[in-house]
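Please treat every number below as a calculation from the coordinates, not as lab data. As the structure is a computational prediction, the values presented were derived from the model and not from experiment. Cβ coordinates were reconstructed from backbone atoms using ideal geometry, including for glycine residues, and neighbour counts include every protein chain displayed.
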Amino acid sequence: MTLLELDRVEVTVGAPAHGGHCVARHEGMVLFVRHALPGERVIAEVTEVHRGYVRADAVEILEASPDRVPAPCPWSGPNACGGCDLQHVSPSAQLQWKASVVQELLARFAHLDQVVRVEQLPSPVGADGEPDTGWRTRVRYTVDAEGRAGLRKHRSHEVVPIERCMIAHPGIRALPVLDRTWSTDAVETVAPSSEPAFVVTDPARPIVERAVGHDFTLAAGGFWQVHPAAAQTLADAVIEQLAPKPGETAWDLYGGAGLFAAALADHLGVTGQVTLVESAPDGVAAARQNLAQLPVRILESTVERALAPRRGKPAVNGPVDLVVLDPPRTGAGKQVVTAVAASGARAVSYVACDPAALARDLATFAGLGWELAQLRAFDCFPFTHHVECVALLVPAGS
Ligand SMILES: C[S@@+](CC[C@H](N)C(=O)[O-])C[C@H]1O[C@@H](n2cnc3c(N)ncnc32)[C@H](O)[C@@H]1O
């Protein structure tokens, strides 16, 4: 049977897949169904047709999972705001959902039989001192044709005007953004750890974030972990995995404003040395300022270029003792993994915001004689399908 957009079919929903949906089948066709839970019987409405699969939304729940909860956000759901995928999933089942997706990706791409547990981060605190759902310290609202700020529908440029975003940081929610009109295309907001939230009119404006006992000055538009507890949590995980010793050397690849380099430098001491590689000029400028007093060499380059042999030696050359890899969603890729695997490192800590890219890179490491020694996963993005992993890799048999 050929399914067309807006067709409705009754299906039993299977396991969650990467991307915020569950897999279902109907007469040989694969459906990726959003707003459903494993085991549910639902009416799925087709939203996109592709060769071999369709995307669909669960628009009617015939048999609900015990893990289903009423969505706390009234702007979420089928054909509504696309910001959150898991509003209908209980908090403990969200963790289970993400764990099973990571587990499945590791099995499929890296042939790893790894039990995954997703760890919660401390909740942000609201103005009343109580735990708050607002973990997003950066929110980019899109402005519609009438000048109202809102958030986009899933896989669409259409803007859904909202009155409140429950995952926006309490400071961002308090800003006068959603109750007025705008003449810009978008409204960027940020809630830095060191000052009240504000609307970003100049992305180069410096802000200060605090983590690992350091202050990090960076551009308001520059990269920093979005959940207020993420930078500290991930740096703690990296340091615990690598167990750096005084006098050792380390690479911080995709180093940004210098979070991991600072944490490493504190452990390696004055006899140690960290090399940070970052390609974004604003990240490099921030790292130069933030790490000026620490034994850190900073290189403005893509990691690919820094590790590639050019007229003899690469700009960043082994042997090195420890490596942190924290690439963007695309992952490190074969060339970078191959160079890191040949660096002589005793351990690599790989911080990954896309578990599929991580799983592919782990397969490359495995082919080069490296093994996964530990995998931690963190819920840095509650109510969405996103999950952050920190993987420890060591040369096999070490
Ligand atoms: C996930 S962020 C991590 C930043 C930093 N480690 C942190 O935790 O704050 C990835 C960083 O890699 C940088 N980047 C992206 N592609 C790159 C490449 N090919 N080479 C070097 N840096 C890259 C981005 O500018 C960004 O700062």
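Each Lys or Arg adds one and each Asp or Glu subtracts one; over the other residues with Cβ under 14 Å from the Cβ of ALA341, this totals 0.
If each residue's Cβ is checked for other Cβ atoms within 10 Å, how do THR184, THR249 rank with the fewest at the top?
In order of increasing Cβ crowding within 10 Å: THR184, THR249.
For GLY14, the residues 5 or more places off, or on other chains, whose built amide H falls under 5 Å of its own are VAL23, ALA24, GLY39. With a Förster radius of 22 Å applied to the C-beta separation of ARG140 and THR181, the computed FRET efficiency comes to 0.80.
Sequence-ordered 3J(HN,Hα) estimates for region 16-27 from the Karplus curve with 6.51, -1.76 and 1.60 and θ = phi - 60° stand at x, 10, 4, x, x, 9, 10, 9, 9, 10, 9, 6 Hz, glycine and proline given as x. Partner lysines whose Cα lies under 23 Å from the Cα of LYS98, excluding those fewer than 8 positions away in the same chain, are identified as LYS153.
Fewest-first ordering of ARG180, ARG297 by other beta carbons within 10 Å of each residue's beta carbon gives ARG180, ARG297.
Shape descriptor for region 138-208: Rg over Rh equals 0.96 (Cα atoms; Rh from the Kirkwood inverse mean 1/r). In plain terms, the residue of HIS26, HIS35 with the fewest other Cβ atoms within 10 Å comes first and the most crowded comes last, giving HIS26, HIS35. Between ALA396 and GLU60, with labels modelled 7 Å along Cα→Cβ, what's the label distance in nm to one decimal, could you check? Placing both labels 7 Å along Cα→Cβ, they lie 5.4 nm apart.
Let me know the volume per residue of the alpha-carbon convex hull for region 260-398, in Å³.
Hull volume normalised by residue count: 126 Å³.
Please report the base-10 log of the normalised intensity I(q)/I(0) for the chain, using a Debye sum with one equal scatterer per alpha carbon and no solvent, at each q in 0.07, 0.10, 0.11, 0.14 (1/Å). These q points yield log10 I(q)/I(0) values of -0.36, -0.73, -0.88, -1.29.
As a test, work out the antiparallel percent of DSSP beta bridges whose residues both lie in the chain, rounded to the nearest 5.
Beta bridges within the chain, antiparallel portion: roughly 70 percent.
Converting the Cα gyration tensor eigenvalues of region 1-121 into ellipsoid dimensions via √(5λ) gives semi-axes, longest first, of 23, 19, 12 Å.
Annotation: region 59-174 has a Kirkwood hydrodynamic radius of 16.5 angstrom, from the mean reciprocal C-alpha pair distance. Structure remark: mean-square fluctuation, Gaussian network model of the chain, C-alpha springs under 10 Å; the largest value among GLY134, GLY283, GLY39 belongs to GLY39. For a modelled paramagnetic label at HIS50, 7 Å from Cα along Cα-to-Cβ, the residues of region 302-335 in reach, with backbone nitrogen under 19 Å, are 329-331.
Obtain the radius of gyration and the Kirkwood radius of region 8-68 from its C-alpha atoms and give Rg over Rh.
With Rg and the Kirkwood Rh in hand, the quotient comes to 0.92.
Annotation: extensible slack from ASP128 through ASP202 equals 23.6 nm (criterion: 0.36 nm per residue apart, minus Cα-Cα distance). Extension gain for ALA243 to THR12 (0.36 nm times residue separation, less C-alpha to C-alpha distance): 78.5 nm. Specify the longest stretch of the chain that does not include any exposed loop site, a site being one of the GluC sites (Glu not before Pro) with a non-H, G, I, E, B DSSP assignment and at most 10 other Cβ atoms within 10 Å. Within the chain, the longest run free of exposed GluC sites (Glu not before Pro) spans 164-398. Other residues within the sphere of radius under 14 Å centred on the Cβ of ASN317, judged by their own Cβ, net out at +4 (K and R +1, D and E -1). With the convex hull of the Cα atoms taken as the outline of region 195-339, the averaged projected area works out to 9.2 nm². The local environment of LEU178, defined by Cβ-Cβ distances under 9 Å, has a net charge of +2 under the rule Lys, Arg +1 and Asp, Glu -1. Under 5 Å from the amide H of TRP370 lie the amide H atoms of ALA396, each residue being 5 or more positions distant or on a separate chain, with H modelled from the backbone and absent for Pro and chain starts.
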